[in-house]
Amino acid sequence: MPSPVDLRSDTVTKPTPEMREVMTKAPVGDDVFGEDPSINALQEKAAALLGHEDALFVPSGTMANQLAIKVLTRAGDEVLLEAGSHPYNSESGGAAVFSSVQLHVLNGKRGLLEPEQIENAIRPDDIHCAPTRAVCLENTHNRGGGSIYPIETVAAVREVAKSHGLSMHLDGARLFNACAATGLKPSDYAQYFDTVSFCLSKGLGAPVGSLIAGSKPIIKEALRWRKVLGGGMRQAGILAAAGIYALDHHVERLVEDHSNAKLLAQGLSELDGIEIDPVDVETNIVIFQVTHPRLNASNVTNRLKAHGVLVLPWTSDQIRAVTHLDVNRTGVERALTAIETILKES
Ligand code: TLP
């Protein structure tokens, strides 16, 4: 039996032999003393890529988002986000626990908010209301099916935020996917935000790590709160070296993941019992609907597993499949054949 085609997430990628080689040779030091040369190099590289003054290496995208919310708000503030956003759905209520803020969620189209929606949601200066303090956007948007924010929309949201004195955070867990698809630079997007995070451990293929970037005072504050969370990682230069390798070698290839996702979406759209519009698949995330009368997301997922294909049931009738470094075109074809077989057998 060949190894499974793992489409559950782009977080499942394993470091390549070349990446492991670089990791073994990485110069390291105690990062809590600021002395890890590999971490310092990664932070400088990330800040430069995003066009921000400084950046901080953190263990996860979740911690990056939570630090951003912490440094941009005070207890009792309100943060505007999209209803499918990661901090609202998948960070264990962290914003309430760690920052004591209220999340005000708005329904976007495929996860994307319009500037007018944001403007209309800003609370008036009234003692009954939690003051709106920050806006958080997600690009690409995971639950939106890897959708990309048009840069003009981001610029317009910034104008709204500026005129109301709001800060902005970008959850750019998959920012490099947005850039690979649009040809824009990370800094083109990042210029509109006070803080920007991105993940090394998703499509970029590093085993661990994310970065949060911002001004020097913001990152100094984030460093303090990372320590509060126990996120000082000592000789983690081994991990940072993997991150540097990922940024140097795994960015340009993201377009391959996007064309594999398109291939998957195209194939799925031709099957009776599945619904998806391939036009909606802009990057590496494919969310499709199971419309077959005798099947649902969980039994299709279980049956795919028996065929050596792993996906995630996303809702009761939706499945998510994500392409990445460890899945090639043949893997996508295997997944399509398996789904077709299951539909025919049902
Ligand atoms: N997303 C994971 C799951 O948590 C859903 C996945 O498999 O897609 N922002 C976005 C947009 C994300 O998709 C994720 C992870 C994170 C932040 C958090 O990153 P980690 O897992 O490193 O904490």
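We did not get these values from a lab; they are worked out from the coordinates using the rules stated. It should be emphasised that the depicted structure is a prediction, and the values quoted were computed from it without experimental measurement. Here Cβ is always computed from backbone atoms with ideal geometry, including for glycine, and neighbour counts include all displayed protein chains.
Of note:
- Over the chain: helical MRE at 222 nm, DSSP H runs n ≥ 4 each giving -39500 (n - 2.57), nearest 500: -12500 deg cm²/dmol
- Ordering of 311-318, 58-65 by burial proxy (mean other Cβ atoms within 10 Å per residue, highest first): 58-65, 311-318
- Given R0 = 51 Å, the distance between the Cβ atoms of Met1 and Glu119 translates into a calculated FRET efficiency of 0.40.
- Two-decimal log10 I(q)/I(0) for segment 253-345, as the Debye equation yields it once each C-alpha is a single scatterer, q = 0.13, 0.16, 0.24 Å⁻¹: -0.36, -0.56, -1.31
- Take the Cα of His128, go 7 Å toward its beta carbon, and the backbone nitrogen atoms of segment 88-122 under 17 Å from that spot belong to 121-122.
- Stretched out straight at 0.36 nm per residue, the stretch from Thr182 to Lys162 would grow longer than its current Cα-Cα span by 4.7 nm.
- Helix 37-50 and the longest principal axis of the C-alpha atoms of the chain enclose an angle of approximately 80°.
- Label-point separation in nm, Asn89 to Asn328, each point 7 Å along Cα→Cβ: 3.2
- Other residues within the sphere of radius under 15 Å centred on the Cβ of Leu325, judged by their own Cβ, net out at -1 (K and R +1, D and E -1).
- Percent antiparallel among DSSP beta bridges (both partners in the chain, rounded to 5): 50
- Taking the longest Cα principal axis of the chain as reference, the axis of helix 237-249 is set at about 60 degrees.
- 18 Å Cα-Cα threshold exceeded, pairs from Lys70/Lys185; Lys185/Lys262; Lys109/Lys162; Lys45/Lys185; Lys185/Lys220; Lys70/Lys216: Lys70/Lys185; Lys185/Lys262; Lys109/Lys162; Lys185/Lys220
- Highest average packing first - 321-333, 10-22, Cβ atoms within 10 Å: 321-333, 10-22
- Here Cys129, Cys179 are placed in order of increasing Cβ neighbour count within 10 Å, fewest first, which gives Cys129, Cys179.
- In this calculation the C-beta distance from Lys14 to Asn107 is compared with R0 = 30 Å, giving a FRET efficiency of 0.25.
- Centroid-to-centroid separation of segment 1-75 and segment 156-185 [C-alpha atoms, Å]: 20
- Share of pairwise Cα separations in the chain, more than 26 Å, in percent: 50
- Ranked packing of 102-108, 203-209, most packed first, by mean Cβ within 10 Å: 203-209, 102-108
- 0 to 90° range, to nearest 10: angle between helix 297-306 axis and the chain longest Cα axis: 70
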